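Asks: The structure is given below, and queries will be raised subsequently.
The values are calculated or read from the model by the stated rules, or taken from the named source; none is laboratory data. Since we're looking at a predicted model, the values are computed, not measured. When we count neighbours, we look across all protein chains shown, and the Cβ atoms used for this are built from the backbone with ideal geometry, even at glycine. Surface accessibility is based on the protein's heavy atoms, side chains included, excluding ligands, DNA and RNA. Shrake-Rupley method; radii C 1.70, N 1.55, O 1.52, S 1.80 Å.
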Amino acid sequence: MRFYKIWVSPFSLFLGLLFLSASFTPSLIPRGPITQGLLGGVVLALGYLSGRIIEALWHAAEMPVLQGRLRRLVLLAAGLSVALSVAVAFRSSFVWQSDLRIQMGVEEDASTQILTSIAIVIVVFALLFAIGLGIAASFRWIRSWLDRFIPRRRANVFGVLIVATILFVLTRDGLLDATVRLIDETFESTQKLFGDAPPAPQEARFTGSPDSLVDWAAMGQPGRDFVTSGPDAAAISAFTGRSARDPIRVYIGRANGETPEQRADLALAELLRLNAFERKILVVVSPTGTGWMDPGSADPLEYMHDGDIATVSVQYSYLQSPFALIFETETGLQQATATLAVIHDYWKTLPRETRPRLYVHGLSLGAWSSMYGTNLFRLIDDPIDGAFWAGPPFPSDFWNRVQRARKADSPWVAPDIGDGSFIRYAARGDDGSDGAAPWGDMRIMFLQYPSDPIVFYEPLSIWRRPEWMREPPGDGVSSHLSFMPIVTQFQLALDMAMATSAPAGFGHGYYAQDYIGPWVQVTAPDPWTDADTERLKAHCDNGFQKGCTNR
């Protein structure tokens, strides 16, 4: 078929439409009409591109092709079948998405409209098709120029290499770098550094105060929010009925030091200024990409231990976690390693009977960097007391090694590791208390939701079914979820971008109620009862990304 001298391959278009049909099946995060349209347009273009590649290989191998009336009949039958498939998928998608929303306790999205999705699919596909035409035209122009100097076969090969190189340079060394710089500058400005900082706290117990070693203006907004929020001694006593201390919170902003080592040394110095090593509990936390600290995790722990606790964190990026995951991975890993090394080295010199119990913690990208910095071989002579990692990103090496060590009869999303005396898993409504054996001296806990694409994204899903899709669906996962090469890859990639849009307890929406039980298991507060856990859950029921106290 030709439209305005543009050749449209029927076979490739049919394949693209099959991809489009598959894209309407549910994945981990509910999709509205706009996101579904974007996804559909992209996979339609990818299906079309796949078809063109198949055709090119078919013709290069000089395989037979259908001709005449038989070809027209086959195209008609294929077209009708594909059209029916797309129509059924469009219609069923509303049932599938509604079922997923119901599982997550979300009201059905009344704005979901089939015409909106179709319009966006057409626009996105047309844009990508036009880009493809431009790339093809560039290749033909370069090939025709090379034809004057070298044989046609070589011109084809070099033409492809030249076009690929140009695209790589434009995206990787041109457009991509400029985008990263813009994103970094944008997020840096939102941190309200230096002149835009609010007045510093005056009490000496606050990091950033006049007595502090840390420059308040350079801490950034996430750090300032962290050190000045959370419960104080009065709030903790009012809840527990016992005497309490003001918790210690230390935060070092990225602008507080030039290198990871300088920032780590400053963190230790500030901990020493505040006598943090005289507390009962010391927690080293790796923040998310922007430097944000989840109050839903920090606040409950301070209630559990009557405020006799110090928490320290060091920022390594200004980017949102998805961008930091791609562009600043090494920065986070280096900072977590430097921070824990400096603090652990000092902690080891203290008498065992008087030093604080030492724990590490992180959410999302912070969990990955924290795991990386917690080198168990380095800690083997004097190990920490435990670790609690929530929403560990799929590339985390330690998490992957633990997952692969699971018992064969346990599910991928909630595995059993050994007898449960060293490593356990928690989820929504599951605090990880059901170990086959009592806890050992060191306790490691993972908190992950089966519907979290940040955890369960699988790069090889471009051609292979992920492990968790071979098992019965977990909590919050649709029973209609199915696998299709390429399409599933892009569904999960879109899910990652939308991961925090899910309600609390699903997707990447970790919140206080699901932190509390695992923290009890890992840190063993004393005195503490199951009734205390339920009271604290009720006290901290403020929703996603909110703590237990607003001062």
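Asks: Å³ per residue of the Cα convex hull, for region 370-505? Walk me through the numbers on the way to the answer.
Replies: Working: hull volume 16.0 nm³, N = 136.
It comes to 117 Å³ per residue, whole-number rounded.
Asks: Near the amide H of Gly307, under 5 Å away, which other amide H atoms are found, from residues 5 or more places off or on another chain, if H is placed in the peptide plane?
Replies: Amide H neighbours of Gly307, under 5 Å, 5+ apart: Arg245.
Asks: So how strong a dipole does the chain carry about its Cα centre when Lys and Arg Cβ are +1 and Asp and Glu Cβ are -1, to the nearest 20 debye? Write out the running numbers ahead of the final one.
Replies: Working: 47 positive and 56 negative charges, 631 e Å.
Here the chain has a charge dipole of around 3040 debye.
Asks: Pull out the extension gain between Ala238 and Ser410, defined as 0.36 nm times the separation in residues minus the alpha carbon to alpha carbon distance; nm, one decimal. It would help to have the intermediate numbers written out before the result.
Replies: Details: separation 172, 0.36 × 172 = 61.92 nm, distance 4.23 nm.
In short, 57.7 nm is gained.
Asks: Just how far, in whole angstrom, is region 266-317 from region 451-514 if you go by their alpha carbon centroids?
Replies: So the separation of the two Cα centres works out to 31 Å.
Asks: For the chain, what is the calculated [θ] at 222 nm in deg cm²/dmol (nearest 500), taking -39500 (n - 2.57) for each run of four or more DSSP H residues and dividing by its residue count? Intermediate values should be presented prior to the final figure.
Replies: On the way: 18 runs with 264 residues, N = 551.
Taken over the chain, the calculation gives -15500 deg cm²/dmol.
Asks: For the residue pair Ala437 and Phe149, what label-to-label distance in nm results when each label sits 7 Å from Cα along the Cα-to-beta-carbon direction?
Replies: 7.0 nm
Asks: Where the centre of each part is set by its Cα atoms, how far does region 26-87 sit from region 399-416, in angstrom?
Replies: 37 Å
Asks: Moving on. Largest first and in whole Å, what are the equivalent-ellipsoid semi-axes of the chain based on the Cα gyration tensor, each being the root of 5 times an eigenvalue?
Replies: Numbers: eigenvalues 508, 151, 91 Å².
Semi-axes (√(5λ), whole Å): 50, 27, 21.
Asks: If you don't mind, there's one more thing I want to ask. Within region 192-293, what whole-number % of the accessible surface is contributed by carbon and sulfur, with the 1.4 Å probe and all protein chains included in the calculation? Before the final figure, lay out each step's value.
Replies: Details: 1980 of 3970 Å².
Summing carbon and sulfur atoms, their accessible area is 50 percent of the total for region 192-293.
Asks: Could you look at region 447-551 and say what percent of its accessible area is carbon and sulfur, using a 1.4 Å probe and all protein chains?
Replies: Values: 2230 of 4280 Å².
Whole-percent figure for carbon plus sulfur exposure: 52.
Asks: How much length would be gained if the chain were fully extended between Ile102 and Trp141, taking 0.36 nm per residue of separation minus their Cα-Cα distance, in nm to one decimal? Show your work: numbers first, answer last.
Replies: Values: separation 39, 0.36 × 39 = 14.04 nm, distance 5.37 nm.
Between Ile102 and Trp141, full extension yields 8.7 nm more.
Asks: Whole number in Å², please: accessible area per residue of the chain, 1.4 Å probe, ligands, DNA and RNA not counted. Display every interim value, and only then the final one.
Replies: Values: 25830 Å² over 551 residues.
Roughly 47 Å² per residue, with all protein chains present.
Asks: OK, next. Which order do peptides 455-463, 523-531, 35-43 fall in by mean Cβ count within 10 Å, highest first? Write out the running numbers ahead of the final one.
Replies: Details: 455-463: 17.1, 523-531: 13.0, 35-43: 23.9.
Peptide ranking by packing, descending: 35-43, 455-463, 523-531.
Asks: Let me check something: with ligands and nucleic acids excluded, how do Lys407, Lys546, Lys280 order by accessible area (1.4 Å probe), largest to smallest? Write down the numbers at each step before the final one.
Replies: Details: Lys407 90, Lys546 110, Lys280 65 Å².
Listed by decreasing accessible area, they come as Lys546, Lys407, Lys280.
Asks: Something else: Each residue of region 199-210 in order: what ³J(HN,Hα) in whole Hz does its phi give by Karplus 6.51 cos²θ - 1.76 cosθ + 1.60, θ = phi - 60°, with x for Gly and Pro?
Replies: So the J values, rounded to whole Hz, are x, 6, x, 9, 6, 5, 6, 8, 5, x, 6, x.
Asks: I would also like to ask the following. Return the FRET efficiency for the residue pair Asp541, Ile131: r is the Cβ-Cβ distance, R0 is 51 Å, and the value is rounded to the nearest 0.05. Walk me through the intermediate numbers first.
Replies: Numbers: r = 48 Å, r/R0 = 0.95.
The calculated FRET efficiency here is 0.60.
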